[in-house]
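Before any comments, here is the structure.
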Amino acid sequence: MGIRDFADYLGISDRAISNWEAGGESYRPRAASQSVLDTGLARAPDEARARFADALGVSGPGPSAAAEMSVDSHKFLPVFIGSDRAHRLRTQMTGETPPDWLESCSAIVAHPHAPTCTLHVFACGVVVFHILQPRKPASLTELAVWRYRSYASDLPWARAKIHDLLGEHHPHGPNPEYVLSLYWLTAGPWIGSQYDTAMRLLSTPSVLVDRSAPGGPVPLDGAVEESLLATGFDHPDIVSFGVRGVSTGYAGWSGVSYAALSQERSLTVEELVSCELIVQALWCYTHHIQQRIEEGSDPSTPDRYGWRFLRAANSRLTTARAQETAQHCLMREAIMRTSGLAERLRAAQEALRESMG
């Protein structure tokens, strides 16, 4: 592809590309230009992206080929507490974020099995526990079993913690109902197609576990994991948001997995965590509205967090931003699609508008 054709493909002038070439290997395009290039790479056919990865020398199996797996487990436990309770908690916190459309404060809280646990309190009435736990499991199956077993203890812990923080102890108080996991892979033993399959399994680990066992989740026969790694695994609900040669990322209904192949060009863990915090806070908020409807009641929210707030949230999460990179856009779209949040936001908007008469 010549300079003019490449310029047409990117939607920029051929002079800009000539300037890039004149700058040599040390030249670094500005952020806006890098975003254009990321978008062009994301649109390119697999063969072209593979050649690009080979040219960079980053077409290997993953972030770090190692004899054992190393992964950072990020768990998100949202709880609806209402805007009044959220205001009470926020007045006790000092870690307030800069003014934004979704106001929040955060504070570190002690967790019995995690080195770091942060409580995020959103002004709309939702709190989200973010639990970080580095793991070095012997297998994907071992990690999957730990994941589901730890959920069984994390949920009652979060319930007790929020009750303590609120100074309320009664059976009908705020109650977390689910956990969403994000896995940031830092090293793994797989190569070739097995690496990609492993990342898919990280996002949808239920296929490796018997969750209906009488004593709690137990591992399936080890041959299941070996077979899936050998033959491949896919699921219609898994959505890829990686860029070949730069990152590998998958989003599913129950989790997200990500590995940075090129540290300088990939997403950061902070970007992934920030996106999930917003999505889980709004998912929990709309779930509360849905519950009120199913109980036969008209949902009621403060005017500030009514249907217009949800309309704005839907627009912000489904529309690309001017300075948003292609990778960030792919991540946001994948997480929104697999979470079903866009549909929930629209349904909650309609319910709140109807309740106003």
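Comparing Tyr178, Leu208, Phe122 along the charge dipole axis of the chain, the residue lying farthest to the positive side is Phe122, per the Cβ-charge model. Neighbour counting of Cβ atoms within 10 Å sorts the residues Met93, Met336, Met331, fewest neighbours leading, into Met93, Met336, Met331. Taking 0.36 nm per residue of sequence separation and removing the Cα-Cα distance, the Arg88/Asn19 pair yields an extension gain of 19.3 nm. Sorted into 10 angstrom bins from 0, the C-alpha pair distances of the chain split as 5, 22, 29, 24, 15, 5, 1, 0 percent.
Taking amide H atoms as placed 1.01 Å from N in the peptide plane, the amide H of Thr325 has no partner under 5 Å among residues 5 or more positions away or on other chains.
Taking 0.36 nm per residue of separation and subtracting the current Cα-Cα distance, fully stretching the chain between Ser297 and Ser262 would add 7.5 nm. Here's the picture: a label point sits 7 Å out from the Cα of Lys136 along the beta-carbon direction, and within segment 172-211 the residues with their amide nitrogen under 20 Å of it are 183-191.
Computed over the chain, the per-residue total of -39500 (n - 2.57) for DSSP H runs of n ≥ 4 gives a 222 nm mean residue ellipticity of -14500 deg cm²/dmol, rounded to 500. Sorted fewest first by neighbouring Cβ atoms within 10 angstrom, Phe76, Phe6 come out as Phe6, Phe76. Projecting the Cα atoms of Tyr258, Ala334, Ile131 onto the charge dipole of the chain, computed from C-beta unit charges around the Cα centre, puts Ile131 farthest toward the positive end. About the centre of its Cα atoms, the chain shows a dipole size close to 620 debye [charges on the beta carbon of Lys, Arg (+1) and Asp, Glu (-1) only; nearest 20 debye].
Of the trypsin sites (Lys or Arg not before Pro) found in segment 174-283, those that fall in a DSSP loop while having at most 16 other beta-carbon atoms within 10 Å are Arg211.
Among 144-150, 296-302, sorting by the average number of other beta carbon atoms lying within 10 angstrom of each residue, highest first, gives 144-150, 296-302. The charge dipole of segment 272-355, taken about its Cα centre with unit charges on the Cβ of Lys, Arg, Asp and Glu (plus for the first two, minus for the last two), comes to roughly 300 debye. By the count of other C-beta atoms within 10 Å, a proxy for reagent exposure, Thr231, Thr197, Thr286, Thr318 are ordered fewest to most as Thr231, Thr318, Thr197, Thr286.
Where a number appears in this text, it was derived from the coordinates with a stated rule and is not lab data. A quick note: this is a predicted structure, and the numbers were derived from the prediction, not measured. Cβ sites come from the backbone with ideal geometry, for glycine too, and all protein chains shown count toward neighbours.
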